[in-house]
1. Identify all residues within the stretch 92-102 that are in contact with a helix residue (DSSP H, G or I) (Cβ under 8 Å, 6 or more places away or on another chain) and either among the small types (Gly, Ala, Ser) or over 15 Å from residue 82 (Cβ atoms) (or both); write none if there are none.
2. Would you pick out the residues in the stretch 159-180 that are open to solvent by 80 Å² or more (accessible area, probe 1.4 Å), at pLDDT 70 or above and either of a type in the set (Val, Ile, Thr) or under 27 Å from residue 72 (Cα atoms) (or both)?
3. Select from the stretch 273-316 the residues that are more than 13 Å from residue 240 (Cα to Cα) and of a type in the set (S, T, N, Q) and write down the one among them that is modelled with the lowest pLDDT.
4. Please list, ordered by first then second residue, the pairs with beta carbon atoms under 7 Å, 6 or more apart or interchain, first in the stretch 32-45 and within 20 Å of residue 11 (Cα to Cα) and modelled with pLDDT of 95 or more, second assigned to a loop (DSSP other than H, G, I, E, B) and of a type outside the set (A, V, I, L, M, F, W, C).
5. Scanning the stretch 120-144 for residues that are open to solvent by less than 50 Å² (accessible area, probe 1.4 Å), within 18 Å of residue 182 (Cα to Cα) and part of a loop (DSSP other than H, G, I, E, B), which turns out modelled with the highest pLDDT?
6. Out of 202, 194, report the one residue that is touching a Phe, Trp or Tyr at 6+ places or on another chain (Cβ under 6 Å) and within 28 Å of residue 19 (Cα to Cα).
7. Take the residues in the stretch 7-24 that are touching a helix residue (DSSP H, G or I) at 6+ places or on another chain (Cβ under 9 Å) and open to solvent by less than 80 Å² (accessible area, probe 1.4 Å); name whichever of them is farthest from residue 143 (Cα to Cα).
8. Scanning the stretch 292-309 for residues that are among the charged types (D, E, K, R) and under 25 Å from the mean Cα position of the chain (by Cα), which turns out least open to solvent (accessible area, probe 1.4 Å)?
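The values are calculated or read from the model by the stated rules, or taken from the named source; none is laboratory data. Every value quoted in this text rests on a predicted model; they were computed, and no experiment measured them. No Cβ is skipped: glycine too gets one built from the backbone with ideal geometry, and neighbour counts run over all protein chains shown. In case anyone asks, the SASA skips ligands and DNA or RNA and just uses the protein heavy atoms, side chains included. Shrake-Rupley method; radii C 1.70, N 1.55, O 1.52, S 1.80 Å.
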Amino acid sequence: QLVDAVQYLHARGKKAYITCNIFAHYEDIAAMGDYLRYLHQIRADAVLVADLGVLKLAKQVAPELVVHISTQANTTNALAARAYYEMGASRVVLARELSIEEIRRLRDQIPPELELEAFVHGAMCISYSGRCLLSSYLTGRDSNRGRCAQPCRWAYTIREQSREEELPILEDERGTYILNSKDLCMAEHLRELKDAGVDSFKIEGRMKTVYYAAVVTNAYRRAMDAMLAGEPAPSGIVQELEKAANREFTTGFYFGKPDEHAQRYVSSKCVQSYEFVAVVRGSEQGRVLLEQRNKFSVGDELEVLSAGEMNGRVFTVSAIDDAETGEAQASAPNPQQLVYVPCSFALAPMDILRRKQA
């Protein structure tokens, strides 16, 4: 499937970066060399590594394979960035704990051809750029080997061993002890990052849905296009991002160390203002063929998510006809059911339809 994925991306003018950023244990090393050679053979555009041994191995067994340094390597200074460059890395994904001013200073002290990448959106790990033992300790799933269960989002209390009462984990003047960070969102600040020397923007998407990936990528593509045209971020860009799962937003460390407002105290659960209900499979003669993703009904108002000009258009479902039987129905209740719905404007295949949550 990885071969197919790389070919699929290349056919569309996109690049395939493959994560190899585990902190490798002894049993991982035996197969790592063959895997890195394989990635070069299938024309992966780059691998992301965090382990110094894996970086050295990549340069030994597949010297032409492009290597990026993962954020889990915790690069916070120019000395480290230059060291990785001298070992053969072409890009460094910076630690999330840097401010924009620190990035600017780092950029001035490294070779101009060394690319910098920075996170602009997504879940924020409570540990230094992803180095965490909670998941491994509590669930047996090692976050440093790609299997984080996100136990930092759980609700915790403290109990002193000789007492019966449990104490909530609270905020005081020295800082926060709540583990549940808000999500990073820099959609309105891409220009500041670019001016500081960032070459590539990174969206965190582990364990996220197709709908999340579509909403966030589409929003940042539009924000980037506006930035490159010298325009401000599109109006309502943050509200658009709230239509995908989120834990409220923060700008992380970019404008200084986060305060108590960077934590979400209410719940660890994600919220989103819209629900993904269908994907467009075709459009013809005043109607669209939809593949159901969540139940929707006649009378629902649907909004279009599209990479094209129809993005944001709204229409009301006036009828639903089963695509196989032609039978009219009041709703589309069945997973991946194909139905026809009247629509006065043409939609493109893979456009998404969503409904505002009650």
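1. Here is the first cut: in the stretch 92-102, the residues in contact with a helix residue (DSSP H, G or I) (Cβ under 8 Å, 6 or more places away or on another chain) are 92-98, 100-101.
Matches in the stretch 92-102: 93, 95, 96, 97, 98, 100, 101.
2. Residues satisfying the conditions do not exist here.
3. Across the stretch 273-316, the extreme among qualifying residues is 285.
4. Going by the 7 Å Cβ cut-off, the qualifying pairs are 40/64; 45/15.
5. Only one residue fits best here, namely 123.
6. Numbers: 194 fails: touching a Phe, Trp or Tyr at 6+ places or on another chain (Cβ under 6 Å).
Every option except 202 fails the conditions.
7. Initial filter on the stretch 7-24 (touching a helix residue (DSSP H, G or I) at 6+ places or on another chain (Cβ under 9 Å)): 14-16, 18, 20-24.
With open to solvent by less than 80 Å² (accessible area, probe 1.4 Å) added as a condition, the list becomes 16, 18, 20-24.
Numbers: 16: 22, 18: 17, 20: 13, 21: 11, 22: 8, 23: 10, 24: 12 Å.
In this case the residue turns out to be 16.
8. Quick first cut of the stretch 292-309, residues among the charged types (D, E, K, R) only: 293, 295, 300-301, 303, 309.
Still in the running and under 25 Å from the mean Cα position of the chain (by Cα): 293, 303, 309.
Numbers: 293: 82, 303: 20, 309: 180 Å².
Within the stretch 292-309, the match that is least open to solvent (accessible area, probe 1.4 Å) is 303.
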